[in-house]
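Working notes for the structure below.
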Amino acid sequence: MVSPIATAILDWYAQNARSLPWRGRSSPYAVWVSEIMLQQTRVETVIPYYLRWMERFPDISSLAQATEEEVLRYWEGLGYYARARNLWRAAQVLQKQSEGALPKDVRSLRKLPGIGEYTAAAIASIAFGQDEPTLDGNIRRVLARLTANRTPLRTPQSDRELLRFAQEHLPSGKAGLYNQALMDLGAMICTPRQPRCELCPLSRHCQTFQLGIQSEIPITKPKNTLPHYVVTAAVINRNNRYLITQRPPQGLLGGMWEFPGGKCHEGESLEACLIREIQEELNLEITVGECLGVYRHAYTHYRVTLHAFHCTISNGSQPTPMQGQAFQWVGRQDLPHFPMGKIDRQIARRILQEGIPCC
């Protein structure tokens, strides 16, 4: 028997579902790509990236055969680049082990790089019709309000309680619709601030609405203050080619290209920092010239303010990477072909627009 909550949310979804490019497709791969892209990223941001990605990589085979650099280039701007590398690695595993077919069950899906508990359940339910409840940010908020749950979100206890409730009301054979309906309800009606309770199909079942405490729930853990770092970067142009280096494959922005530089030590001037970093990284002596711009960005765990400078090589020597990372001298028009993080892409765009005098 379908619960009144499931009936109400499915009826609402039938009339109000968002039109999204990955919905209504028969390809489990399309569901997988969308779920990975949507991790920690808004739907509005994802759509153009998804469409471009699917045009270039329409199936697992085409993704598996691509180079990592091309994959990162198509992902550039979405952030959290480990997601792209894991998609690519998982595609290679699937191409080798199962001729490019995604497994249908949660346990097998979780063995693939980049697929955790939530993503496995979402793929299994939406792409394969498996009776699996799942929790994303929207669903957590909806269920916490429905049950007036005061356990802080994204804690093991909270997830257990909310998953138990979701499982109790999951309509057999319709888990994919049920999960997507809860996602859409959270995105469109049960919003973080000023939920539109008068339009909610679940208001008669919602404990926070009945108690008038919608603004108090869900409870979230207080966010830590993000540390702030001052960073420098050198824009070196020799013979109309720019020096860029590749970050290590692991860690933040792994495998991406950047203008070399690094983090300032306490009490260190910007110029001294850049001279030290280029010496340590590339065994080059440089002269720091004019400032080319100041760029700010917030990552997941910290914020940076980056100061970019035009620099020249003092002794005419060649770069010798001290930690094994790759480097290239790149022509101005070739800069767009190298995947970069947000700040380095802004510097590259300025170079394309204005040019930087060569040494």
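The values are calculated or read from the model by the stated rules, or taken from the named source; none is laboratory data. Source: prediction; values computed, not measured. Because the Cβ atoms are built from the backbone with ideal geometry, glycine has one as well, and the counts that use them run over all protein chains shown.
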Checking 23, 18 in turn, the sole residue that is of a type in the set (D, E, K, R), touching an Asp or Glu at 6+ places or on another chain (Cβ under 6 Å), assigned by TED's automatic domain parsing to the domain that holds residue 170 and part of a loop (DSSP other than H, G, I, E, B) turns out to be 18
Residues in the range 268-280: is at least one closer than 30 Å to residue 225 by Cβ, modelled with pLDDT of 90 or more and either in the same structural domain as residue 72 (by TED's automatic domain parsing) or part of a loop (DSSP other than H, G, I, E, B) (or both)?
yes
Selection over the range 187-200 where residues are touching a Leu at 6+ places or on another chain (Cβ under 9 Å) and part of a helix (DSSP H, G or I) yields a count of 1
Taking the range 300-359 and the residues there that are under 25 Å from residue 265 (Cα atoms) and surrounded by fewer than 11 Cβ atoms within 10 Å (Cβ to Cβ), the one that is modelled with the lowest pLDDT would be 324
Mind checking whether some residue in the range 34-51 is touching a Lys or Arg at 6+ places or on another chain (Cβ under 7 Å), outside any loop (DSSP other than H, G, I, E, B) and closer than 18 Å to residue 123 by Cβ? yes
Hey, any hits in the range 10-33 for a residue that's within 17 Å of residue 173 (Cα to Cα), among the hydrophobic types (A, V, I, L, M, F, W, C) and surrounded by 15 or more Cβ atoms within 10 Å (Cβ to Cβ)? yes
The number of residues in the range 155-192 that are charged (D, E, K, R) and surrounded by 13 or more Cβ atoms within 10 Å (Cβ to Cβ) is 4
Among (1) within 27 Å of residue 71 (Cβ to Cβ); (2) loosely packed, with under 15 Cβ neighbours inside 10 Å; (3) hydrophobic (A, V, I, L, M, F, W, C), residue 259 falls short only on (2)
- Message: So for the range 304-326 (the condition being β-branched (Val, Ile, Thr) and part of a loop (DSSP other than H, G, I, E, B)), does at least one residue qualify?
- Response: yes
Conditions (1) surrounded by 17 or more Cβ atoms within 10 Å (Cβ to Cβ); (2) within 18 Å of residue 38 (Cβ to Cβ); (3) not basic (Lys, Arg) -> residue 149 fails only (2)
For residue 87, the lone unmet condition from (1) in contact (Cβ under 8 Å) with a residue 40 or more places away in the chain; (2) surrounded by 15 or more Cβ atoms within 10 Å (Cβ to Cβ); (3) in a loop (DSSP other than H, G, I, E, B) is (3)
Residues of the range 134-166 being among the aliphatic types (A, V, I, L, M) and part of a loop (DSSP other than H, G, I, E, B), in sequence order, are 135, 148, 153
Scanning the range 201-237 residue by residue, the ones that are assigned to a helix (DSSP H, G or I) and either under 30 Å from residue 330 (Cβ atoms) or among the β-branched types (Val, Ile, Thr) (or both) total 1
If you go through 120, 127, the only one that is under 30 Å from residue 298 (Cβ atoms), part of a helix (DSSP H, G or I) and assigned by TED's automatic domain parsing to the domain that holds residue 161 is 120
Checking the structure you have, find out if any residue of the range 328-342 is closer than 15 Å to residue 231 by Cα and under 26 Å from the mean Cα position of the chain (by Cα).
yes
- Query: Is it true that some residue in the range 53-61 is crowded, with 18+ Cβ neighbours inside 10 Å, outside any loop (DSSP other than H, G, I, E, B), assigned by TED's automatic domain parsing to the domain that holds residue 26 and within 16 Å of the chain's Cα centre (by Cα)?
  - Reply: yes
Within the range 238-267, residues part of a loop (DSSP other than H, G, I, E, B) and on the phi > 0 side of the Ramachandran plot come out as 239, 240, 251, 253, 255, 267
- Query: Looking at this structure, is residue 289 touching a strand residue (DSSP E or B) at 6+ places or on another chain (Cβ under 9 Å) and in contact (Cβ under 8 Å) with a residue 24 or more places away in the chain?
  - Reply: no
